[in-house]
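A.B. asks: Let me begin by handing over the structure; questions about it come next.
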Amino acid sequence: MVNDSWIRVYVAHNALEGHVVVSALQHAGIDAKLRPSDGTGFGAALPTLETPAVWVRRPDVEEARAVIQSAAETETGRLSLAEDGSGTVALGKKDGESG
């Protein structure tokens, strides 16, 4: 039996960053979705508590993390909305993170 469950691979700073990460993963051939980070879906009822997160299927976790890590390690640390580089969003650390 194949485990096809969804796994959270990235917590975004905001919805725009989340959509850019999802787009980059989909461009790499990975099925990805943006959902509340806890997966409960309470964001509609409590929008101020919703943190956007990127979820992928279990078999794609390692590849997805590699795509995200690769983007974060670039000189600019940015993913692009368009192939011409327009509409870029920085992949940064959240407050309090080090490294």
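The values are calculated or read from the model by the stated rules, or taken from the named source; none is laboratory data. Nothing here was measured: the structure is a model prediction, and the numbers come from that model. Here Cβ is always computed from backbone atoms with ideal geometry, including for glycine, and neighbour counts include all displayed protein chains.
A.B. asks: Are any of the residues in the range 69-92 closer than 25 Å to D4 by Cα, at pLDDT 85 or above and surrounded by 15 or more Cβ atoms within 10 Å (Cβ to Cβ)?
C.D. replies: No, the range 69-92 contains no residue that is closer than 25 Å to D4 by Cα, at pLDDT 85 or above and surrounded by 15 or more Cβ atoms within 10 Å (Cβ to Cβ).
A.B. asks: Are there any pairs with C-beta distances below 7 angstrom linking a residue in the range 19-33 that is farther than 22 Å from S5 by Cβ and modelled with pLDDT under 95 to a residue that is surrounded by fewer than 17 Cβ atoms within 10 Å (Cβ to Cβ) and of a type outside the set (V, I, T), with the two at least 6 apart or on different chains, and if so which?
C.D. replies: Partner pairs satisfying both residue conditions: V20/L81; S23/L81.
A.B. asks: Go through the range 37-63 and give me each residue that's more than 11 Å from the chain's Cα centre (by Cα) and modelled with pLDDT of 80 or more.
C.D. replies: Taking the range 37-63 and keeping what is more than 11 Å from the chain's Cα centre (by Cα), we get 38-51, 57-63.
Once the filter is applied, which keeps residues that are more than 11 Å from the chain's Cα centre (by Cα) and modelled with pLDDT of 80 or more, the range 37-63 yields T51, R57, R58, P59, D60, V61, E62, E63.
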